[in-house]
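Just below is one structure, and these are the notes that go with it.
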Amino acid sequence: MIEVNADMWSYLEKAVIAITTGGAVSRSGRCTMPRGCAAQARERFPGLDQQLGQLILAHGNHVYCLDHGLVSFPVEATPYEVPSLALIEQSCDELVTLADEKGWRQVVVPRPGCGGGGLSWGDVRPIIERYFDDRFIIISL
């Protein structure tokens, strides 16, 4: 994995961008994306919350290909709990599998669970570095 200090949105249309998400879905079928890069993605791409919400309702809280060159990266079940290291590890495994299947050359991932989620990068980094190779760019801004 490669760590950079950059705006993840500067990679739009150049790489696949992972957005850290939760598994909560509203009564209207929309994934709640209240903060961080998930909220930014929801604002940039109307309907993204509906697309992800329907996938979660149908298949559970997993990594999914989304429109606009995005991919979900679950870190928590709901925005009211601390992100789960076990779920982050599951998401790493699923993302690597998907990247292999799709032949992705570059995947941008924010530090999962470390922004609004409140996890320490020192706790998360050892988990993701076991999975991510040099195709994965970790954004620290």
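Within region 80-117, the residues that satisfy the criterion of being in contact with a helix residue (DSSP H, G or I) (Cβ under 9 Å, 6 or more places away or on another chain), farther than 16 Å from Val16 by Cα and not small (Gly, Ala, Ser) are Pro83, Leu85, Ile88, Glu89, Cys114. The requirement of being without any contact (Cβ under 8 Å) to a residue 12 or more places away in the chain and polar (S, T, N, Q) is satisfied by Ser10. If the condition is being surrounded by 14 or more Cβ atoms within 10 Å (Cβ to Cβ), farther than 12 Å from Gln90 by Cα and either of a type outside the set (A, V, I, L, M) or at pLDDT below 95 (or both), then region 122-136 contributes Arg125, Glu129, Phe132, Arg135, Phe136. As a summary of the residue check, Tyr80 satisfies the conditions (1) surrounded by fewer than 13 Cβ atoms within 10 Å (Cβ to Cβ); (2) at pLDDT 95 or above; (3) not basic (Lys, Arg) except for the one numbered (2). Residues in region 34-46 that are over 14 Å from Asp67 (Cβ atoms) and in contact (Cβ under 8 Å) with a residue 12 or more places away in the chain: 6 in all.
Of all residue pairs spaced 6 or more apart or on separate chains, those with beta-carbon atoms under 9 Å, a first member in region 51-75 that is among the β-branched types (Val, Ile, Thr) and modelled with pLDDT of 95 or more and a second member that is surrounded by fewer than 19 Cβ atoms within 10 Å (Cβ to Cβ) and in a helix (DSSP H, G or I) are Val63/Gln90; Val63/Asp93; Val63/Glu94; Val63/Thr97; Val63/Leu98; Val71/Leu98.
Kindly establish whether Ser28 is closer than 25 Å to Trp121 by Cβ and surrounded by fewer than 18 Cβ atoms within 10 Å (Cβ to Cβ). Against the criterion (closer than 25 Å to Trp121 by Cβ and surrounded by fewer than 18 Cβ atoms within 10 Å (Cβ to Cβ)), Ser28 does not qualify.
Here's the yes/no breakdown for (1) outside any loop (DSSP other than H, G, I, E, B); (2) within 21 Å of Ala86 (Cα to Cα); (3) acidic (Asp, Glu):
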| site | (1), (2), (3) |
| --- | --- |
| Ala6 | no, no, no |
| Lys14 | no, no, no |
| Ala18 | yes, yes, no |
| Ser28 | no, no, no |
| Gln50 | yes, no, no |
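Do we have any residue at all in region 98-114 that's within 17 Å of Glu129 (Cα to Cα), among the acidic types (Asp, Glu) and over 12 Å from the mean Cα position of the chain (by Cα)? Yes, region 98-114 has at least one match.
The values are calculated or read from the model by the stated rules, or taken from the named source; none is laboratory data. Just so it is clear, the model here is predicted, and its values are computed rather than measured. Neighbour counts are summed over all protein chains in view; Cβ atoms, including those assigned to glycine, are modelled from backbone coordinates with ideal geometry.
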